[in-house]
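Input: a single structure, listed below in structure tokens.
The values are calculated or read from the model by the stated rules, or taken from the named source; none is laboratory data. Note that the coordinates shown come from a computational prediction; the quantities given were computed from them, not determined experimentally. Because the Cβ atoms are built from the backbone with ideal geometry, glycine has one as well, and the counts that use them run over all protein chains shown. All accessible areas refer to the heavy atoms of the entire protein, side chains included, with ligands and DNA or RNA removed. Shrake-Rupley method; radii C 1.70, N 1.55, O 1.52, S 1.80 Å.
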Amino acid sequence: ELPGRIEQELYHIALEALNNALKHAKATLVTISIDAEEDRVELKVVDNGAGFALSDLEATRGMGLVIMRERAKELNAVLTINSTPGEGTQVKVIVPCADTLSVKTEEGAKPSTGEVSGHAERPGGLP
């Protein structure tokens, strides 16, 4: 199980990335995945929106990006954003959590890893 603080911060980062994908990128498909390992948790939000030049990233300094960076920093996480104009965007957060992540196992069983994924599509007729 993840500590509540990590869950909460990852939730807010995912929410902000989803908001950016729908509001700014006009994405029609967004995939959110969470991969939990023994020593880390990885959150990925990938969209098929308009994308942008990474050189524009520092120039815009939108509040959403600033907030995602602050939340990641609070978790000692690595936040990476990859985007290309016309090809969508990927927001990835890797949280090291060897001391805080406990994967429930049966006695004597080796801890397993888990991945949860989902995606949402905006119907073609909706703005």
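The criterion of at least 2 residues that are modelled with pLDDT under 50 and open to solvent by 70 Å² or more (accessible area, probe 1.4 Å) is met, among strands (runs of 3 or more DSSP E) falling completely within the range 52-127, by 114-121. Scanning the range 6-30 for residues that are over 17 Å from MET63 (Cβ atoms) and open to solvent by less than 50 Å² (accessible area, probe 1.4 Å) yields ILE6, LEU10, ALA27, VAL30.
Checked against the criterion of being more than 17 Å from VAL95 (Cα to Cα), in a helix (DSSP H, G or I) and touching a residue at least 40 places away in the same chain (Cβ under 8 Å), the range 21-40 contains one or more residues that satisfy it.
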